[in-house]
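Chemist: Here you go, one structure.
None of the figures in this text is laboratory data; all of them are computed from the coordinates on show. If you're wondering where the values come from, they're calculated on a predicted model, not measured in any experiment. Cβ atoms come from the backbone with ideal geometry, glycine included; neighbour counts cover every protein chain shown.
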């Protein structure tokens, strides 16, 4: 089961936090985990992972974001990208439950046609990692952005905990489905063979 934790102290995010075992070293949570915390986001190019952003000389800045870091101990980058999108859908669902319309475009969420989130997934030699940040405040951001404060999300901790719970439940339900579904053997139908009658001439 993936473990979750909301950290109440402010932690600024620079990109260097997205590394294997950072959660374990800093918060003593071993194994698959999702943590959330609030703080500034200021990611220089030296810590950016998206090669398109690097080529575009983009940078990430927000005076205050709600950050999520996810770590799973496998090496499947494709699976990490699926998890990244699953997590974003959970954020979208939680916001829409609060009556806030959200649009997802690939790995970003938009509110009022302004960018609400940043997100990246990557892999290390021992794990896969995802960072997703949601703007709370938007002063001096490099692109047009929306923030949770203006959208009326005031209880950030409860919101973050609900998002993490959604992700935890989704993974548990996927695991349960894996355990209850019988596999298919090639050339064998559990309901017997289907007889196909030749067409009459």
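Chemist: Please determine, by comparing only the residues of the range 16-31 that are free of Cβ contacts under 8 Å to residues at least 60 places away in the same chain and within 14 Å of residue 124 (Cβ to Cβ), which one is surrounded by the most Cβ atoms within 10 Å (Cβ to Cβ). Even if it seems obvious, please write down each step before you answer.
Modeler: Taking the range 16-31 first, the residues free of Cβ contacts under 8 Å to residues at least 60 places away in the same chain are 16, 22-31.
Those left that are additionally within 14 Å of residue 124 (Cβ to Cβ): 16, 22-25.
On the way: 16: 11, 22: 15, 23: 24, 24: 13, 25: 10.
Applying the filter and picking the extreme gives 23.
Chemist: Check whether at least one residue in the range 84-94 is outside any helix (DSSP H, G or I) and crowded, with 19+ Cβ neighbours inside 10 Å, and report yes or no. Steps first, please.
Modeler: Our first condition is that a residue be outside any helix (DSSP H, G or I); within the range 84-94, this holds for none.
No: the range 84-94 contains no residue that is outside any helix (DSSP H, G or I) and crowded, with 19+ Cβ neighbours inside 10 Å.
Chemist: How many residues, within the range 150-172, are in a helix (DSSP H, G or I), over 15 Å from the mean Cα position of the chain (by Cα), in contact (Cβ under 8 Å) with a residue 40 or more places away in the chain and closer than 18 Å to residue 36 by Cβ? Let's see the steps before the verdict.
Modeler: Step one: filter the range 150-172 for residues in a helix (DSSP H, G or I), giving 150-151, 156-172.
Pick out the ones that are also over 15 Å from the mean Cα position of the chain (by Cα) and you get 150-151, 156-158, 172.
Among the residues that remain, those that are also in contact (Cβ under 8 Å) with a residue 40 or more places away in the chain are: 151, 156-157, 172.
Add one more test, that the residue is closer than 18 Å to residue 36 by Cβ, and what stays is 151, 156-157.
Here the count works out to 3.
Chemist: Condition first: part of a strand (DSSP E or B) and more than 27 Å from residue 158 (Cβ to Cβ). Can you find one or more residues in the range 109-119 that meet it? Break it down into steps so the answer makes sense when it comes.
Modeler: Keep residues of the range 109-119 that are part of a strand (DSSP E or B), which gives 109-111, 114-115, 117-119.
Narrowing further to those that are more than 27 Å from residue 158 (Cβ to Cβ): none.
Looking for residues that are part of a strand (DSSP E or B) and more than 27 Å from residue 158 (Cβ to Cβ), one finds none in the range 109-119, hence no.
Per-residue answers, yes or no, for (1) without any contact (Cβ under 8 Å) to a residue 60 or more places away in the chain; (2) under 29 Å from residue 25 (Cα atoms); (3) under 15 Å from the mean Cα position of the chain (by Cα):
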| position | (1), (2), (3) |
| --- | --- |
| 64 | no, yes, no |
| 69 | no, yes, yes |
| 107 | yes, yes, yes |
| 116 | yes, no, yes |
| 119 | yes, yes, yes |
| 125 | no, yes, no |
| 130 | no, yes, yes |
| 144 | yes, no, no |
